[in-house]
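Working notes, beginning with the structure itself.
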Amino acid sequence: MRVLWEREIPAKDIVVSPRPVWKCRACPMYGKRPGCPPHAPDWREARDWVRSFRRALLVKFEINMDDFENEKRKAILWLLDRERELFRQGKLYAMALFPGSCNLCDDCPFERGEPCRMPEKVRPSLDAIGVELSSLVEIKFSESVLYGLIMVE
């Protein structure tokens with residue numbers, strides 16, 4: 001995994017709608033992970049939350065698709081580190097949004113109805129709260145990339 005770029009964007013440019021959440025319903029992780037629907041905040045609540053910010057950071061990661069789960073985990077950990085760095089800089093409400101479902105644990109206890117091992121690290125996925133990524137970037141399916149978002153201030 002490597003970071004291709006990190007761009008500051010106005011939060012007002014982030015479109016939040018029910019469309020990505022409905023796509024989540026077709027995912028095999030739907031309802032199984034704490035950052036996925038129906039456990040993630042509702043898209044309407046998320047839309048109001050996004051509107052409370054002025055800016056965000058959009059991050060594009062290049063990943064090796066042959067090692068997808070590990071590469072995604074590295075991207076998620078990078079986003080959490082960046083969130084922590086922004087917090088230390090005084091951005092008290094900085095919060096990362098994950099690319100896809102959380103996969104911080106190899107064996108997710110939440111899937112078995114047990115408590116999450118790392119609730120302090122779980123963040124909703126972009127799709128789970130209704131962020132329309134296509135409103136922010138041109139999606140090229142030929143690329144091996146993931147996107148993350150960090151709400152800043």
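Summary of computed values
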| read-out | value |
| --- | --- |
| Output for segment 33-54, where each listed residue is touching a Pro at 6+ places or on another chain (Cβ under 6 Å) and over 21 Å from GLU111 (Cβ atoms) | TRP43 |
| Failed condition for SER101, given (1) over 18 Å from GLU132 (Cα atoms); (2) buried (at least 16 other Cβ atoms within 10 Å of the Cβ); (3) polar (S, T, N, Q) | (1) |
| From the options VAL59, VAL3, residue that is at pLDDT 95 or above, of a type in the set (A, V, I, L, M, F, W, C), farther than 16 Å from LEU133 by Cβ and not in a helix (DSSP H, G or I) | VAL3 |
| First in segment 130-153 and on the phi > 0 side of the Ramachandran plot, second anywhere and of a type in the set (Ser, Thr, Tyr), Cβ under 9 Å, 6 or more apart | GLY130/SER17 |
| Any hit, segment 65-87, residues being assigned to a loop (DSSP other than H, G, I, E, B) and surrounded by fewer than 20 Cβ atoms within 10 Å (Cβ to Cβ) | no |
| Extreme residue, surrounded by the fewest Cβ atoms within 10 Å (Cβ to Cβ), among residues of segment 105-133 that are more than 18 Å from GLY31 (Cβ to Cβ) and modelled with pLDDT of 95 or more | GLU120 |
| Cβ pairs under 6 Å, 6+ apart, first in segment 13-32 and part of a loop (DSSP other than H, G, I, E, B), second loosely packed, with under 13 Cβ neighbours inside 10 Å | VAL15/SER135 |
| Tally, over segment 1-27, of residues that are under 17 Å from TRP43 (Cα atoms) and among the acidic types (Asp, Glu) | 1 |
| Residue within segment 88-98 that is surrounded by 13 or more Cβ atoms within 10 Å (Cβ to Cβ), touching a Lys or Arg at 6+ places or on another chain (Cβ under 8 Å) and on the phi > 0 side of the Ramachandran plot present | no |
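A quick yes/no check of all residues on (1) more than 17 Å from ILE9 (Cα to Cα); (2) free of Cβ contacts under 8 Å to residues at least 12 places away in the same chain; (3) of a type in the set (Phe, Trp, Tyr); (4) in contact with a strand residue (DSSP E or B) (Cβ under 9 Å, 6 or more places away or on another chain):
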residue	(1), (2), (3), (4)
TRP43	yes, no, yes, yes
ARG47	no, no, no, yes
PHE53	no, no, yes, yes
VAL59	no, no, no, yes
ASN64	yes, no, no, no
ARG73	yes, no, no, no
ILE76	yes, no, no, yes
GLU85	yes, yes, no, no
GLY90	yes, yes, no, no
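The values are calculated or read from the model by the stated rules, or taken from the named source; none is laboratory data. Note that the coordinates shown come from a computational prediction; the quantities given were computed from them, not determined experimentally. Counting neighbours? That spans all protein chains shown, and the Cβs are built from the backbone with ideal geometry, glycine included.
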